[in-house]
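Colleague: Can you read through this structure? Questions will come right after.
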Amino acid sequence: MKFAVLVFPGSNCDIDCYKAVEDVLGEPVDYVWHTATDLSAYDCILVPGGFSYGDYLRCGAISRFAPVMNEVAKAAEQGKFILGICNGFQILTEAGLLPGALRRNMSMKFRCHDTVLQVANNTTPFTRDYAQGEEIVIPIAHGEGNYYCDEDTLARLQANNQIVFTYKSNPNGSLTDIAGICNEQGNVLGMMPHPERAVDQLLGTDDGKRMFTSILNAWRDKHGAASVR
Ligand SMILES: NC(=O)CC[C@H](N)C(=O)O
């Protein structure tokens, strides 16, 4: 299975994502610059965190016009797995690949600490290695993680089981404690917490590891290969 880690000017979690794939899965992974116009070689696209284009206008508002984002949209349509983490989640909402928006944290402060998440949907390709309702510890680091959408969109998210992670103790004012959502098809997921920073006990928690094994196992299932771990 081949992974791409997108790199925008100002990305700063690209190396962590790359290392997580390399260390946890040992699968091939490439950095792909934001000007790229071909993602056909990749099975999973990771849109990493950071401060792309300095967070000017709104987080992700400029990156969504990068040439590579047309390819991300195509990959999403083809059913490939797309995972947007933090700034990556903001970029995916700005690009219209996920509904809603991320606003300034209610506290108006940048929050950087561990959070307890509940796995609200373990039937996605990104969460299948967790138990439904399991509580996991994953760090956050953001100033604009306050998820918002209108009432109809929220009703649709709930009806389609698209709310994938919720916070046990809401750090940013996010609607109904939402920490991560997926698209209707389930192949595009965005989340504010950072699973790539949680792949070894040396980092304080390795609860993020199973997101990566989930992706690989989902892909292997689809292609008739044996599961890992
Ligand atoms: N770690 C990140 O990706 C941060 C995202 C964005 N720059 C914010 O502050 O909200």
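Colleague: If ASP152 meets every condition in (1) open to solvent by 10 Å² or more (accessible area, probe 1.4 Å); (2) under 20 Å from THR205 (Cα atoms) apart from one, which number is that one?
Modeller: Of (1) open to solvent by 10 Å² or more (accessible area, probe 1.4 Å); (2) under 20 Å from THR205 (Cα atoms), only one is false for ASP152: (2).
Colleague: Do we have any residue at all in the stretch 73-95 that's at pLDDT 95 or above, open to solvent by 20 Å² or more (accessible area, probe 1.4 Å), basic (Lys, Arg) and more than 26 Å from LYS2 (Cβ to Cβ)?
Modeller: No, that holds for no residue.
Colleague: So which residues in the stretch 178-229 are touching a helix residue (DSSP H, G or I) at 6+ places or on another chain (Cβ under 7 Å), over 30 Å from GLY143 (Cβ atoms) and buried (at least 20 other Cβ atoms within 10 Å of the Cβ), if there are any at all?
Modeller: Residue satisfying the conditions is LEU216 alone.
Colleague: Return yes or no: is TYR53 within 15 Å of the ligand (Cβ to nearest atom), of a type in the set (Phe, Trp, Tyr) and open to solvent by 10 Å² or more (accessible area, probe 1.4 Å)?
Modeller: yes
Colleague: How do the strands (runs of 3 or more DSSP E) wholly within the stretch 91-153 filter down when requiring 2 or more residues that are within 16 Å of the ligand (Cβ to nearest atom), in contact (Cβ under 8 Å) with a residue 60 or more places away in the chain and among the aliphatic types (A, V, I, L, M): which remain? If you could, list the steps in order and put the result at the bottom.
Modeller: Values: elements: 101-103, 111-119, 135-142, 146-148.
Correct list: 135-142.
Colleague: Against the conditions (1) out of contact with any Phe, Trp or Tyr (no Cβ under 7 Å at 6 or more places or on another chain); (2) of a type outside the set (Gly, Ala, Ser); (3) open to solvent by 10 Å² or more (accessible area, probe 1.4 Å), where does LEU175 fall short? Just the number, please.
Modeller: Exception for LEU175: condition (1).
Colleague: Within the stretch 5-50, work out how many residues are within 11 Å of the ligand (Cβ to nearest atom) and within 16 Å of LYS74 (Cβ to Cβ).
Modeller: Total satisfying the criteria: 1.
Colleague: Run down THR213, THR205 and say which single residue is more than 17 Å from the chain's Cα centre (by Cα) and polar (S, T, N, Q).
Modeller: Going through THR213, THR205 in turn, the sole match is THR205.
The values are calculated or read from the model by the stated rules, or taken from the named source; none is laboratory data. These figures come from a predicted structure and were not determined experimentally. Please note: Cβ atoms are built from the backbone with ideal geometry, for glycine as well, and neighbour counts cover all protein chains shown. Heads up: the accessible areas ignore ligands, DNA and RNA and are worked out on the full protein's heavy atoms, side chains in. Shrake-Rupley method; radii C 1.70, N 1.55, O 1.52, S 1.80 Å.
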